[in-house]
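Notes to accompany the following structure.
The values are calculated or read from the model by the stated rules, or taken from the named source; none is laboratory data. Keep in mind it's a predicted model, so treat the numbers as computed, not measured. Neighbour counts run over all protein chains shown; Cβ positions are idealised from the backbone, glycine included. All accessible areas refer to the heavy atoms of the entire protein, side chains included, with ligands and DNA or RNA removed. Shrake-Rupley method; radii C 1.70, N 1.55, O 1.52, S 1.80 Å.
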Amino acid sequence: MMRHTHLTMESISAFAGDPDHVWAKRIDASVAVMKDMTGWMLPTKKIPLFDMRKHFLPMLLEAAETTNIASLLAALQSKDDYLYRHPIGVGIITAVIGKWMGMNEAELTPLAMAALLHDIGKLRIPEEILNKPGKLTNEERLLMRKHTIFGYKMLIETVGMNHRQMLVALQHHERQDGSGYPFGIGAVKIDIYSRIVAIADIFHAVLSHRIYQRAHSFHACLQQLKLNAFGTLDPQILGIFVHKLMQSLIGNQAVLSDGRVATIVMMNPIDPFYPLVQIDRDFIDLSKGMKPKIKQIIASS
């Protein structure tokens, strides 16, 4: 049994009774645990699956039930710990998508754990490549892409993982049109778990600060998804995610690209990426022409 020197399960669950869910504190605590576990996994190349389930699964499943999506998204944005926060962020967003697709807890549990471990193969990528601030060389890029194969092999050697979960590590960079990697397979061969995690992976990556890239605006995150709506990502799953996401944000305030604060009052049924917002008594359809866009969602308490 591995020992955690930074945090225990009790230190995470201390926030569980809070009616506002205090997502930022809970996720920060989980990131510290992930960092501790990663320190143990790096030399051993072993996955402490029992400990990971114990520490992370309750939070992932609870996140799938939350109605405070704005606070959840704000808490998921990476600070200076993207490598440790990203698997947790992808696990949470995946669980939320799965719930919005109508999955029950028995279905969400293996999906959420597969998402949490989707990038586990990066443990076998040299740290200087993972943390390189500039553009990767062709050789470095090819090695980086092998994290999918490395992860699949690590999960094969991990007792308690099923084949669909292993496929997520292998396939989360595959794309519907065959443009992905490592094998360039098309839509028919990509498991639905992998399709869901691919969307969560992109959304959290664009939402986050990374060594070589600052976090994008909320509008830019949506635009990135929109660009991938047909061809690369599963359009049906993506449609469910975007519609439910925008519906969940109705009533929340947002900072617009021109600096004004508006309230999201209605989802545009024709183009859910551009909602109707209100400033004082004025209503603004963000889908019209050169209107301001949503820069940031203000987390509710």
Subject >> Whole-angstrom gap from the range 228-244 to the range 118-145, using each part's C-alpha centre >> reply: 28
Original post:
From the backbone phi of the range 199-204, what are the Karplus-calculated ³J(HN,Hα) couplings (6.51 cos²θ - 1.76 cosθ + 1.60, θ = phi - 60°) in whole Hz, Gly and Pro given as x?
Top reply: 5, 4, 4, 5, 4, 5
Subject >> Efficiency of FRET from Cβ geometry, SER179 and HIS243, R₀ 25 Å, rounded to 0.05 >> reply: 0.50
Original post:
With respect to the cross-link table entries LYS35/LYS189; LYS54/LYS122; LYS189/LYS288; LYS25/LYS288; LYS146/LYS293, which display a Cα-Cα separation exceeding 28 Å?
Top reply: LYS35/LYS189; LYS189/LYS288; LYS25/LYS288; LYS146/LYS293
**OP:** Provide the gained length on full extension for the span THR263 to LYS35, in nm with one decimal, where the gain is 0.36 nm per separating residue minus the Cα-Cα distance.
**Re:** 78.4 nm
**OP:** Rank these residues by their accessible area, most exposed first, probe 1.4 Å: TYR181, TYR193.
**Re:** TYR181, TYR193
Original post:
What value, in deg cm²/dmol to 500, does the helix sum -39500 (n - 2.57) over DSSP H runs of n ≥ 4 give at 222 nm once divided by the residues of the chain?
Top reply: -16000 deg cm²/dmol
Original post:
How much accessible area per residue does the chain have, in Å², with a 1.4 Å probe?
Top reply: 47
Original post:
What residues qualify as long-range amide H neighbours of VAL265, i.e. H under 5 Å apart, gap of 5 or more or another chain, H built at 1.01 Å from N?
Top reply: GLY251, LEU276, VAL277, GLN278
Subject >> Cα-projected label distance for ASP81 with THR158, points at 7 Å along beta-carbon direction, nm >> reply: 2.0
**OP:** Using DSSP to define loop residues, name the GluC sites (Glu not before Pro) in the range 120-185 whose beta-carbon has at most 16 other beta-carbon atoms within 10 Å.
**Re:** GLU157
Original post:
Measuring from label point to label point, each 7 Å out along Cα→Cβ, what is the ARG214 to LYS226 span in nm?
Top reply: 2.2
**OP:** Would you please name the trypsin sites (Lys or Arg not before Pro) within the range 53-137 that are DSSP coil residues with at most 12 other C-beta atoms within 10 Å of their C-beta?
**Re:** LYS79, LYS135
Original post:
How big is the convex hull of the Cα atoms of the chain, per residue, in Å³?
Top reply: 138
**OP:** Please report, as a whole percent, how much of the solvent-accessible surface of the range 200-293 comes from carbon and sulfur atoms (probe radius 1.4 Å).
**Re:** 55
Subject >> Spatial extent of the range 132-241: Rg and Dmax, with the Cα atoms as the point set, Å >> reply: 14.7, 41
Original post:
Residue by residue through the range 89-96, which ³J(HN,Hα) values in whole Hz follow from phi under the Karplus form 6.51 cos²θ - 1.76 cosθ + 1.60 (θ = phi - 60°), with glycine and proline marked x?
Top reply: x, 5, x, 5, 4, 4, 4, 5
